[in-house]
Amino acid sequence: MSENIPTETRKTKPRRLRKRREFLRAAKSGLSRGARAFKLQAAAREGEDAEAPRFGFTVTKKVAGAVGRNRIRRRLREALRLCGASGLPGYDYVFVARPEALTAPFLELTAQIADGLTKLRPGDKTRRHHRNSKDRPQAS
């Protein structure tokens, strides 16, 4: 069946994260973006600058039962594959799913992934600045 599909239209499977420490490093890096269906976290790998980006998927029990969690992971993987897995070389990305990932239209999910990957760049100036009490002007 795969002989009928031209190789130009098939997308390659993205490389995946497998170990817990890789997921934790992405969470601790502080580089993240939120979307309606997921939160995207990223971290640079040490030493392997030219390597292709790797991707991991996390779905907690709060989001759905076992069947729902597996379906969310399959949907996110396929949407990422269709986007072309356009992350930065030498980076690891983790998708932390939200309940919206189960019910969102597939095209919207694909658009959110593409948008998240393009906006999540190190040194990106579009990140929101959260003001704390010291930044507020003093009442006179």
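The values are calculated or read from the model by the stated rules, or taken from the named source; none is laboratory data. Everything numeric in this text was worked out from a predicted model, so none of it was measured. In this analysis, Cβ positions are derived from the backbone assuming ideal geometry, glycine residues included, and neighbour counts consider all displayed protein chains. Areas reflect the complete protein model, heavy atoms only, side chains present, ligands, DNA and RNA absent. Shrake-Rupley method; radii C 1.70, N 1.55, O 1.52, S 1.80 Å.
Take the residues of the range 25-58 that are without any contact (Cβ under 8 Å) to a residue 40 or more places away in the chain and in a loop (DSSP other than H, G, I, E, B): which is farthest from residue 14 (Cα to Cα)? Spell out the reasoning first.
Pass one, the range 25-58, residues without any contact (Cβ under 8 Å) to a residue 40 or more places away in the chain: 28-30, 34, 46-47, 51-52, 58.
Filter again for in a loop (DSSP other than H, G, I, E, B), leaving 29-30, 46-47, 51-52.
Numbers: 29: 21, 30: 23, 46: 19, 47: 20, 51: 12, 52: 9 Å.
Applying the filter and picking the extreme gives 30.
Based on this model, can you work out whether residue 101 counts as in contact with a strand residue (DSSP E or B) (Cβ under 6 Å, 6 or more places away or on another chain) and assigned to a helix (DSSP H, G or I)?
Taking the combined requirement at face value, the residue satisfies it.
Could you tell me how many of the residues in the range 59-90 are open to solvent by 60 Å² or more (accessible area, probe 1.4 Å), in a loop (DSSP other than H, G, I, E, B) and not hydroxyl-bearing (Ser, Thr, Tyr)?
3
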